[in-house]
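Worksheet: one structure, shown below.
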Amino acid sequence: MALTCSLTFDFDATSLWIGSYKSRNPSMISRGEFGAVAMPRILDLLKKHQISGTFYIPGHTALAYPDIVKRVAAEGHEIGHHGWVHENPADFDEAGERFNIEKGLECLHKAAGIVPKGYRSPAWAFSERTTKILIDYGFLYDSSMMGDDFTPYYVRTGDVFDRVSPYSFGPNVDLVELPVTWALDDFPHFEFVDGDTYGLSAPSKVEEIWTDEFTYARQTAKGGLFSLTMHPQVIGRGHRMMMLDRLITKYKNHKDVTFSTMLDYATGWRSANPLDVWKTSGAPQAQNACGRGKI
Ligand SMILES: [Zn+2]
């Protein structure tokens with residue numbers, strides 16, 4: 001079985017600085033505008049390699065740059081939901097969280113006529129309600145959590161946890177998780193945000209990490225998913241684009257590796273692993289796995 005490789009890009013633009021960083025500083029916010037400069041470079045690179053990528057786009061970005069979003073859709077890439085203005089869902093009550101989901105859906109539809117089936121939360125943050133809300137809005141998969149590396153699983157709702165009681169696992173629900181990790185995200189490696197993250201890594205270091213993770217995935221996760229999380233405003237700088245071009249070329253060299261959008265992979269995995277069957281598979285995230293929730 002092949003390893004699937006997905007190239008994902010979070011086109012946050014200015015919303016990252018306005019939402020996550022709550023900035024009122026026009027210089028800081030302008031860093032997001034570079035994302036719009038970088039998007040054509042990324043789309044051209046994907047075209048050169050004949051790869052369909054996945055772009056997670058906040059509603060705020062879709063309204064700011066509708067022509068870019070239209071190009072992403074027209075060139076056959078997947079577009080996923082990425083919040084309204086890159087807000088942390090946990091900062092809102094349930095009504096506010098639902099409003100942000102609806103606003104994101106409305107803006108993507110307005111920009112390019114899209115109804116996304118995939119979700120990635122801004123900054124990979126969840127509230128305790130988020131999985132339930134994603135089910136309510138009909139999402140097929142999420143890609144924000146870190147419970148595995150290259151193997152998908154079904155998320156749970158209603159886990160109960162505190163600092164004095166045993167962890168109580170809620171039931172698994174029909175929402176596929178395509179897990180992520182900060183090590184395979186360009187932002188902490190490369191970005192510089194004073195007081196927050198001091199990346200500015202040489203591409204050679206990141207290339208080594210992303211090569212070895214890929215090799216390990218090929219060796220150990222047949223049928224699994226190797227996904228990279230990138231941001232146009234980060235990966236779009238010249239020295240990093242050259243690294244990405246080299247990596248894609250290396251990945252493509254393997255006959256047992258295929259490229260796919262996240263949605264296509266999630267759809268195939270879900271058909272091959274129906275929830276009821278998967279729950280009995282012994283996967284560590286399964287609510288009824290041996291020993292889980294019992295003391
Ligand atoms: Zn983002």
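Where a number appears in this text, it was derived from the coordinates with a stated rule and is not lab data. Keep in mind that what you see is a predicted model, and the values were worked out from it rather than measured. In this analysis, Cβ positions are derived from the backbone assuming ideal geometry, glycine residues included, and neighbour counts consider all displayed protein chains.
For the range 215-263, the tally of residues that are away from the ligand (no atom under 16 Å from the Cβ) and under 17 Å from the mean Cα position of the chain (by Cα) stands at 7.
Among the residues of the range 12-32, the ones that are within 15 Å of the ligand (Cβ to nearest atom) and more than 20 Å from Thr181 (Cβ to Cβ) come to 12 in all. Of the residues contained in the range 57-64, one or more are found to be closer than 17 Å to Leu7 by Cα and within 16 Å of the ligand (Cβ to nearest atom).
Looking at Tyr119, Tyr137, which one is surrounded by fewer than 21 Cβ atoms within 10 Å (Cβ to Cβ) and of a type in the set (Ser, Thr, Tyr)?
On the way: Tyr119 fails: surrounded by fewer than 21 Cβ atoms within 10 Å (Cβ to Cβ).
The unique qualifying residue is Tyr137.
Can you tell me which condition Ser144 does not meet? The list is (1) closer than 22 Å to Pro274 by Cα; (2) surrounded by fewer than 23 Cβ atoms within 10 Å (Cβ to Cβ); (3) within 14 Å of the ligand (Cβ to nearest atom), and all the others hold. Unmet condition: (2).
Here Gly53 qualifies as more than 11 Å from the ligand (Cβ to nearest atom) and either at positive phi or buried (at least 24 other Cβ atoms within 10 Å of the Cβ) (or both).
Filtering the range 138-149 to residues that are assigned to a loop (DSSP other than H, G, I, E, B) and in contact (Cβ under 8 Å) with a residue 40 or more places away in the chain leaves Phe139, Leu140, Ser143, Gly147, Asp148, Asp149.
If you go through the range 156-176 and keep only what is within 17 Å of Ile133 (Cα to Cα) and in contact (Cβ under 8 Å) with a residue 40 or more places away in the chain, you end up with Arg156, Gly170, Pro171, Asn172, Val173, Asp174, Leu175, Val176. Set side by side, the residues Ile135, Ile101 differ, and just one is more than 16 Å from the ligand (Cβ to nearest atom), more than 22 Å from Leu7 (Cβ to Cβ), β-branched (Val, Ile, Thr) and touching a residue at least 12 places away in the same chain (Cβ under 8 Å), which is Ile135.
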